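Input: a single structure, listed below in structure tokens.
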Amino acid sequence: MRIALFVPCFVNHALPQVGRATVRLLEALGHQVVVPRNQTCCGQPAFNTGLPQEAAAVGKTLVERFQGEEVIVAPSGSCVAMVRRELPRLLPELAPLCNRFRELTEFLGKDPGVKDFPFAPFRGRAALHVGCHLLRGLGVEREPLELLRSVEGLQVVPLEADRYCCGFGGTFSVKAPRLSTAIGETRLAQALRLDLDWIVTTDPSCMLHMEGILARKRARTRVLHIAQVLAPKEEER
Amino acid sequence: MERKDDLPPLARRFQESLGELAGPDQAHFLSSLGEAAEFLREARAGEEAVLWEDRPRERPFRAPLGVCRAWKAAAATGSILLLPPSREASWASLLADRVVALASLEDLVADLDELFTTLGPPSPAALVVTGSSRTADIEKQLVIPAHGPSRLDVLFLPERPDLARLREMVRS
Amino acid sequence: MKDEGTLQAFEAAASDPSLGEKVRRAVERSVAKMSAHLPLGPERDALRDKARAVRMEALEELPELLERFTANIEAAGGRVHRARNSREARETILRILREEGARIVVKSKSMTTEEIGLNPFLEEAGLEVIETDLGELIVQLRGERPSHITAPALHLSVEDIARTFRDELGIPPPEGLVLEGPPSPEEVRMRAARELSLAARRHLAEKFLQGDAAVTGANFLLADCGAVVIVENENNARLCTSLPRRQIVLAGVEKLLPSRAALGTLLPLLTVTATGQPAAGVVNLLTPRYTPMDVVLLDNGRLALREDPLFREVLACIRCGGCMNICPVYRHAGGHPYGGAYAGPIGALLRPLLEGLDRAGELPFASSLCGACSEICPVRIPLDRLLLELRARARHGLLEKAAFRAWAFAAERPALFRLAAAVWRKFPFLAALTPPGRAWKKGRELPRPPRESFEAWWEKRKDREDPRKERDRGTEG
């Protein structure tokens, strides 16, 4: 089917590889991907800070790019949660459009093409981090794990802290940086003790935060977005 | 004593629940007041100072043993209902190091929900007690006792027990 | 503690890793026990729905419940006093104690007495105040606030407590326990916890008999039978209410319930969420016929909060402490940074809502909004959503507002947004110089900018695939 890709600002400008992987994945599954131009931001940073007016103005700009699209997918639980849970109240006339946004694994969980899809093998021992907005905000818990389990060669290691926040929390990450980092270190502690190869996450913001902590620690463990694990390999240019 | 598999299900459940409290508390299922008297004699009720709920003292007195009535019991949690008619009467289950509560199988209900929905108005007080006193305030380490009793035994009889009659039998 | 209630306080607490370790060790046990008895899931949710319905209905009927409760307490020979604020509550309690001629007051745990600052007030008036709950006794000896509503000394280690008992009570430290330096073996420490608890039992045994009057809290107030409900494990509340001459109960007005039937729903959820216990050691239902009783009902902002349609459900809280047990912020900073009597997500809501955002306006921001609190709350208060709503009511600094206006300005103009992102890609060190950038770097590396943005890659790909599509460019890229 035709899928309009919502490219979160973090993905567009800081983690484009996540966007590219999402495109590769959706196309490999037989979908036609279109990317509306001039996407900026869903407005969450302002909303999270308690400035709903500014958030609504920015969110409106973003959502309107998708007029006429039936299926809208983004590789980010927090951005989709913002659009689907918060914007309809602030922009009631755009509510039906907002309700069409889906997070990637949420979408894939209902995509019949995923069953028996030959995901490329991906070797390594990994922990799965499902972002809080996806896990509790959108109620998506099963799908990311099931998707990873279909990848040959990947050993998903359950950790005690698996349902625990990574500590990013939006503007919280810079308003209470030591606290934010401490929470992330607790989330990652067992992964480091077990010397895992990867942390696979559903959210670009969690990704930036955890990757930042691991880089500061000079850990071998790296963070990947789930799209990067599921998608066929990127072609060398 | 009694074998677990001889007990009716609610009784067995009560016994298990009390056991899960990880303390010294126990439930016993007896067939007569005589057996209860025997139990109390073995607990030295005849010799040492005993607090009887129905014979309250005027002044607070810490005793090694206290005897009281459990008017209801809840199997899911191992809880009993005390209805002390006065503060002085409550000392029997509070100032004694070891408490023996007499209950009847007729008054054993399934859980706390049933206990509270069938509870009459407390007059003057109603206490739902689950096991002996305990605390975990230091590094969450469970310690028994805290400030109250250190051991609770619940004796279940087929019919509602009479404390006065029981006391006679213990002393004879 | 300095800066209580500010983000600074949280940052300072988070900088002490040993504090977080102690807190996490303690709350993890409660959460594990809770999960063993009643894990998150549909069974728990069904109970939560019932519990919420009971509490919300009670809040709705509050004025009638208040009337009925008062009538029943008075009919049984007790007295009910209404206190509009902390000052009135303190003065009422002192007046009753003086009437009684009380010199020694024993207390069972009450966060509401903490809320009104009762202990220092009574001590200044010349009374001796003895906390009888072990955790409360410990923090009282240390001159600290309780850090958790059901486990006041949760932030302390066995060694901390042994030192306190030695310094304040002259009790020698338990055999073999090393107080400074590398900790003793675990079994020595656990034995020490037991010894210290028993030492407290001995220390307090006499005090219960010496108390002239008792001040207690109440978990609930029952309107239909005029009874106060006190839930405990230690039996110290039983002792406080069965020995001294008079009992004074301090409770917030929101504690009212219509009848004891509701306890069967509320109590199992309360205890299993608080400490993982299916049932508490003792549930006391006491009336003035049991002990001479004065009930002081505290408003202190609650009745006004009840009128707020958005935030009134905060009053449904049954004070289980579950939200604290599960909160990542609490687990790393402990309870003291919140200031006041209540910590964790519920504290971050109650303090600003009862005391005013101008006094505690930073608290709603001390949260990553992960939502674990809402998941665990026995009465389904959507704590994380309410924290977010409260942020919208907080006063924002001019600089912050200006920054977000600028950001919104750019985000509504894609070309400008694109330009700003390009500047960052070209000159990443600029980000490192901004306040958010500097804050980020406190514990993490900043992300390295990519060679090109996703949209640039997409445009190029489209060109490669079909250069003729240039003229079809509309909303599709």
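Observations, loosely collected:
- All of (1) buried (at least 19 other Cβ atoms within 10 Å of the Cβ); (2) within 7 Å of another protein chain (Cβ to nearest Cβ) hold for B:Ile80 with one exception: (2).
- Residue in the stretch C:181-202 that is surrounded by the most Cβ atoms within 10 Å (Cβ to Cβ), counting only those that are in contact with a helix residue (DSSP H, G or I) (Cβ under 8 Å, 6 or more places away or on another chain) and in a loop (DSSP other than H, G, I, E, B): C:Ser184
- Scanning the stretch A:78-106 for residues that are within 13 Å of the chain's Cα centre (by Cα) and basic (Lys, Arg) turns up just one, A:Arg102.
- Residue satisfying all of: in the stretch C:75-91; assigned to a helix (DSSP H, G or I) and touching a Gly at 6+ places or on another chain (Cβ under 8 Å); farthest from C:Glu375 (Cα to Cα) among these: C:Ala75
- Within the stretch C:1-15, residues that are modelled with pLDDT of 90 or more have Cβ atoms under 6 Å from residues that are surrounded by fewer than 18 Cβ atoms within 10 Å (Cβ to Cβ) in these pairs: C:Ala9/C:Asp3, counting only partners at least 6 apart in sequence or on another chain.
- Residue match in the stretch C:151-166 (condition: in contact with a Gly (Cβ under 7 Å, 6 or more places away or on another chain), aliphatic (A, V, I, L, M) and buried (at least 22 other Cβ atoms within 10 Å of the Cβ)): yes
- Of all residues making up the stretch C:34-51, the number that are under 13 Å from C:Ile376 (Cβ atoms) and assigned to a helix (DSSP H, G or I): 7
Residue-wise test of (1) of a type in the set (Asp, Glu); (2) at the interface with chain C (Cβ under 9 Å from one of its Cβ atoms).
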residue	(1), (2)
B:Phe61	no, no
B:Ser104	no, no
B:Leu108	no, no
B:Phe116	no, yes
B:Thr130	no, yes
B:Asp137	yes, yes
B:Glu159	yes, no
B:Leu163	no, no
B:Val170	no, no
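- Which numbered condition A:Ala4 misses (of (1) closer than 19 Å to A:His133 by Cα; (2) touching a strand residue (DSSP E or B) at 6+ places or on another chain (Cβ under 8 Å)): (1)
- The combined condition, being of a type outside the set (Gly, Ala, Ser), part of a helix (DSSP H, G or I) and either more than 11 Å from every other protein chain (Cβ to nearest Cβ) or at positive phi (or both), is fulfilled by A:Leu192.
- In the stretch B:17-49, residue modelled with the lowest pLDDT [restricted to those that are farther than 28 Å from C:Asn233 by Cβ and part of a loop (DSSP other than H, G, I, E, B)]: B:Gly46
- Yes/no for B:Leu65 being under 16 Å from the mean Cα position of the chain (by Cα) and farther than 30 Å from C:Ala199 by Cα: no
- Number of residues in the stretch A:5-25 that are at the interface with chain C (Cβ under 7 Å from one of its Cβ atoms) and among the β-branched types (Val, Ile, Thr): the value is 2.
- Residue ID - nearest to A:Ser180 (Cα to Cα), chosen from residues in the stretch C:416-451 that are of a type in the set (A, V, I, L, M), without any contact (Cβ under 8 Å) to a residue 24 or more places away in the chain and facing another protein chain (nearest Cβ under 8 Å): C:Ala439
- Tally, over the stretch B:83-117, of residues that are surrounded by fewer than 24 Cβ atoms within 10 Å (Cβ to Cβ), touching a residue at least 24 places away in the same chain (Cβ under 8 Å), within 27 Å of C:Ala223 (Cα to Cα) and polar (S, T, N, Q): 1
- Selected residue [touching a Lys or Arg at 6+ places or on another chain (Cβ under 6 Å), touching a residue at least 24 places away in the same chain (Cβ under 8 Å) and surrounded by fewer than 24 Cβ atoms within 10 Å (Cβ to Cβ)] from C:Arg306, C:Arg359, C:Arg302, C:Arg289: C:Arg306
- Qualifying residue in the stretch B:143-166 (condition: without any contact (Cβ under 8 Å) to a residue 12 or more places away in the chain, assigned to a loop (DSSP other than H, G, I, E, B), farther than 12 Å from B:Trp71 by Cα and over 16 Å from the mean Cα position of the chain (by Cα)): no
- Note on the stretch B:103-154: residues that are in contact with a Gly (Cβ under 7 Å, 6 or more places away or on another chain) and among the polar types (S, T, N, Q) total 4.
- Out of C:Arg306, C:Arg312, C:Arg289, sole residue that is among the basic types (Lys, Arg) and facing another protein chain (nearest Cβ under 7 Å): C:Arg289
- A:Val63 meets each of the listed conditions (1) in contact (Cβ under 8 Å) with a residue 24 or more places away in the chain; (2) within 20 Å of C:Phe454 (Cα to Cα); (3) at the interface with chain C (Cβ under 8 Å from one of its Cβ atoms) apart from (3).
- Residues of the stretch B:44-59 that are away from chain C (no Cβ under 14 Å) and surrounded by fewer than 19 Cβ atoms within 10 Å (Cβ to Cβ): B:Arg44, B:Gly46, B:Glu47, B:Glu48, B:Ala49, B:Asp54, B:Arg55.
- Answer from A:Val140, A:Val200 - the residue that is part of a loop (DSSP other than H, G, I, E, B), modelled with pLDDT of 95 or more and farther than 30 Å from C:Lys22 by Cβ: A:Val140
- Residue in the stretch C:270-286 that is closer than 26 Å to C:Arg87 by Cα and at pLDDT 95 or above present: no
- B:Ile80 falls short on exactly one of the conditions (1) in contact with a helix residue (DSSP H, G or I) (Cβ under 7 Å, 6 or more places away or on another chain); (2) at pLDDT 95 or above, and that condition is (1).
- Which listed residue is touching a strand residue (DSSP E or B) at 6+ places or on another chain (Cβ under 7 Å), at the interface with chain C (Cβ under 7 Å from one of its Cβ atoms) and in contact (Cβ under 8 Å) with a residue 12 or more places away in the chain, from B:Ala75, B:Ala126: B:Ala126
- Residue-level check: of (1) closer than 18 Å to C:Ala151 by Cβ; (2) among the hydroxyl-bearing types (Ser, Thr, Tyr); (3) assigned to a helix (DSSP H, G or I), C:Tyr342 misses just (3).
- Apart from one condition, B:Ser132 fits all of (1) within 27 Å of B:Leu7 (Cβ to Cβ); (2) in contact with a helix residue (DSSP H, G or I) (Cβ under 7 Å, 6 or more places away or on another chain); (3) crowded, with 23+ Cβ neighbours inside 10 Å; the exception is (2).
- The single residue among C:Ile130, C:Ile161 that is more than 9 Å from chain B (Cβ to nearest Cβ) and in contact (Cβ under 8 Å) with a residue 24 or more places away in the chain turns out to be C:Ile130.
The values are calculated or read from the model by the stated rules, or taken from the named source; none is laboratory data. Just so it is clear, the structure is predicted and the values come from calculations on it, not from any experiment. We place every Cβ from the backbone using ideal geometry, glycine too, and count neighbours over all the protein chains shown.
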